[in-house]
Amino acid sequence: MAMAMAMRRAAALGARHILAASSTSSSGVLLRRHMSVDAGAAMEKVRAAGLLRTQGLIGGKWVDAYDGKTIEVQNPATGETLANVSCMGSKETSDAIASAHSTFYSWSKLTANERSKALRKWHDLIISHKEELALLMTLEQGKPMKEALGEVTYGASFIEYFAEEAKRIYGDIIPPTLSDRRLLVLKQPVGVVGAVTPWNFPLAMITRKVGPALACGCTVVVKPSEFTPLTALAAADLALQAGIPAGAINVVMGNAPEIGDALLQSTQVRKITFTGSTAVGKKLMAGSANTVKKVSLELGGNAPCIVFDDADIDVAIKGSLAAKFRNSGQTCVCANRILVQEGIYEKFASAFIKAVQSLKVGNGLEESTSQGPLINEAAVQKVEKFINDATSKGANIMLGGKRHSLGMSFYEPTVVGNVSNDMLLFREEVFGPVAPLVPFKTEEDAIRMANDTNAGLAAYIFTKSIPRSWHVSEALEYGLVGVNEGIISTEVAPFGGVKQSGLGREGSKYGMDEYLELKYICMGNLN
């Protein structure tokens with residue numbers, strides 16, 4: 001929490017500095033005034049739809065923090081405060097766990113068809129409020145409206161998919177070893193789930209976890225990011241409207257260490273699911289050991305995007321651009337290193353730079369915007385640190401490389417050339433709109449360079465060769481591989497990483513298993 005508060009203070013100081021500077025410029029004042037009007041109208045639309053919630057959700061009731069504390073939710077595009085939400089801690093979390101535990105016994109006893117119908121209604125309500133949810137997401141997270149609308153559809157798809165999968169949780173009958181026995185295997189819900197979700201996809205990362213949990217018969221305590229709680233609260237409100245019972249979904253936000261400790265220490269919480277940084281994931285994994293919880297973790301990435309000399313350049317440019325700059329580079333599956341074969345390096349770099357130049361940076365509420373701000377000042381400072389490290393070691397800025405003239409936490413779409421493996425841009429996840437170009441000679445070099453990391457979430461390759469597609473895909477040490485495609489996530493396929501990018505899978509039929517326990521039943525004396 002201390003770190004989060006420090007990041008907020010830094011962001012606020014940065015905002016005040018930018019505003020002070022822009023006050024001497026009439027164009028700066030007009031820009032800020034234009035943004036403010038748009039944001040105000042957007043908030044009114046959300047409020048009119050009844051989706052602006054600022055309290056936590058415990059046992060079906062909207063409640064303030066017990067000590068009355070609140071935290072500000074800011075618009076990263078303007079620095080303005082959108083709302084003050086309840087800042088909760090261990091006491092509220094304990095009550096949310098108790099509510100989820102009590103509700104588990106009734107929710108899990110419903111038929112799969114009954115749970116499926118409730119989830120389907122939730123899906124339909126999300127879709128019917130698609131625009132309001134997208135507006136809310138853009139306001140608190142910063143992503144362009146068209147991306148936010150896409151996330152609402154994507155997030156809803158998990159609810160729809162798992163509403164269908166709820167009716168397909170099958171067990172087994174095992175041929176017995178003795179004639180008077182019958183051997184059965186049942187799949188049963190694990191119990192109360194603690195779901196900790198990130199700020200970069202404030203709706204989809206919740207539905208991807210809560211959808212299968214509820215479908216299996218589990219109940220959930222959700223802890224959204226303190227940067228983006230409003231979308232989570234709106235989604236939970238729609239779940240209640242859909243008829244999902246009080247206590248099946250609970251939402252607490254605020255003091256992250258206290259909430260996390262309460263989830264980890266509770267013997268009633270039987271599973272932790274987390275999407276976020278590898279460092280925090282390791283702490284949650286260690287903290288779960290004491291009560292031997294089931295754990296699934298989707299952690300950081302360092303995705304290579306390999307462009308071979310036989311690739312279709314236009315396809316490679318389109319795919320690399322989408323993989324790198326979606327959500328301003330703030331996704332775990334972003335192309336973090338673009339490895340380009342020497343024979344086409346110059347040609348690719350020239351075309352790629354031209355494509356990046358066409359990206360329109362601005363407030364996500366503006367229709368023409370294709371890249372919004374970073375989440376806060378700390379995120380910008382991290383990008384600057386990586387850029388300074390790279391240039392000090394011989395990399396060259398081919399495009400961008402500095403804060404955007406819009407101020408706040410906007411950063412120019414950036415291309416960096418001749419990046420080597422001793423630079424932070426190669427070794428770690430930048431989580432910003434920076435595309436490092438790295439030349440390579442042979443296929444073997446590309447595979448070696450791509451695998452030279454502790455991360456193993458997503459990877460991308462571009463080639464016209466079918467044999468190469470198979471060979472390289474199988475050689476890459478990653479949980480997800482895109483071939484001639486930069487956007488690969490879908491609700492029907494398993495999502496997750498290997499090595500230090502996590503444990504378990506989300507989405508698809510495989511994602512159901514993360515919320516189920518196997519029970520073996522041996523029935524004897526049947527002759």
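The values are calculated or read from the model by the stated rules, or taken from the named source; none is laboratory data. On a predicted model such as this, the values are computed, not experimentally measured, just so you know. Reconstructed Cβ throughout: ideal geometry from the backbone, glycine too, with neighbour counts over all protein chains shown. With ligands, DNA and RNA removed, areas are computed over all heavy atoms of the protein, side chains included. Shrake-Rupley method; radii C 1.70, N 1.55, O 1.52, S 1.80 Å.
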For segment 216-225, state whether one or more residues are in a strand (DSSP E or B) and surrounded by fewer than 18 Cβ atoms within 10 Å (Cβ to Cβ). no
From G301, G260, G281, grab the single residue that is at pLDDT 95 or above, buried (at least 17 other Cβ atoms within 10 Å of the Cβ) and assigned to a loop (DSSP other than H, G, I, E, B). G301
Restricting to segment 460-515, name every residue that is closer than 18 Å to I338 by Cβ, among the aliphatic types (A, V, I, L, M) and in a loop (DSSP other than H, G, I, E, B). L476, I487, I488
Mind checking which pairs have a first residue in segment 262-283 that is within 19 Å of M205 (Cβ to Cβ) and a second that is of a type in the set (F, W, Y) and open to solvent by 10 Å² or more (accessible area, probe 1.4 Å), Cβ under 6 Å, 6 or more apart or different chains? G281/F274
Check segment 338-356 and report whether any residue there is at pLDDT 95 or above, in a loop (DSSP other than H, G, I, E, B) and within 23 Å of the chain's Cα centre (by Cα). no
Checked I521, I466, I487 against criteria (surrounded by fewer than 17 Cβ atoms within 10 Å (Cβ to Cβ), modelled with pLDDT of 95 or more and within 30 Å of A156 (Cβ to Cβ)); the one match is I487
What is the one condition in (1) at pLDDT below 50; (2) assigned by the TED database to the domain that holds V251; (3) of a type in the set (A, V, I, L, M) that M88 does not satisfy? (1)
Those residues that are of a type outside the set (A, V, I, L, M, F, W, C) and more than 21 Å from G362 (Cβ to Cβ), I need them from segment 45-67; list them, please. R47, G50, R53, T54, Q55, G56, G59, G60, K61, D64, Y66, D67
Any pair with Cβ under 7 angstrom, 6 or more apart, that starts in segment 180-195 at a residue that is acidic (D, E) and ends at one that is open to solvent by 10 Å² or more (accessible area, probe 1.4 Å): D180/G524; D180/N525; D180/L526; D180/N527
Go through segment 110-127 and give me each residue that's in a helix (DSSP H, G or I) and of a type in the set (V, I, T). I126, I127
Just checking, which of L374, L359, L365 is in a loop (DSSP other than H, G, I, E, B), open to solvent by 20 Å² or more (accessible area, probe 1.4 Å), closer than 30 Å to K209 by Cα and at pLDDT 95 or above? L365
Hey, could you check segment 50-62 for residues that are under 13 Å from A246 (Cα atoms) and of a type in the set (A, V, I, L, M) and say which is surrounded by the most Cβ atoms within 10 Å (Cβ to Cβ)? L57
Residues (over 20 Å from P198 (Cα atoms) and in contact with a strand residue (DSSP E or B) (Cβ under 6 Å, 6 or more places away or on another chain)) located in segment 271-294: K293
Got at least one residue in segment 317-332 being in the same structural domain as L476 (by the TED database), open to solvent by 10 Å² or more (accessible area, probe 1.4 Å), among the hydrophobic types (A, V, I, L, M, F, W, C) and assigned to a loop (DSSP other than H, G, I, E, B)? yes
One residue is enough: does segment 412-434 have a residue meeting the conditions open to solvent by 30 Å² or more (accessible area, probe 1.4 Å) and under 28 Å from V210 (Cβ atoms)? yes
Considering (1) surrounded by fewer than 16 Cβ atoms within 10 Å (Cβ to Cβ); (2) of a type outside the set (D, E); (3) in contact with a His (Cβ under 7 Å, 6 or more places away or on another chain), say which one T177 fails and leave the rest. (3)
Between a residue in segment 88-101 that is more than 10 Å from T219 (Cα to Cα) and open to solvent by 10 Å² or more (accessible area, probe 1.4 Å) and any residue that is assigned to a helix (DSSP H, G or I) and not aliphatic (A, V, I, L, M), which pairs come within a Cβ distance under 6 Å, given they are 6 or more apart or on different chains? S90/E258
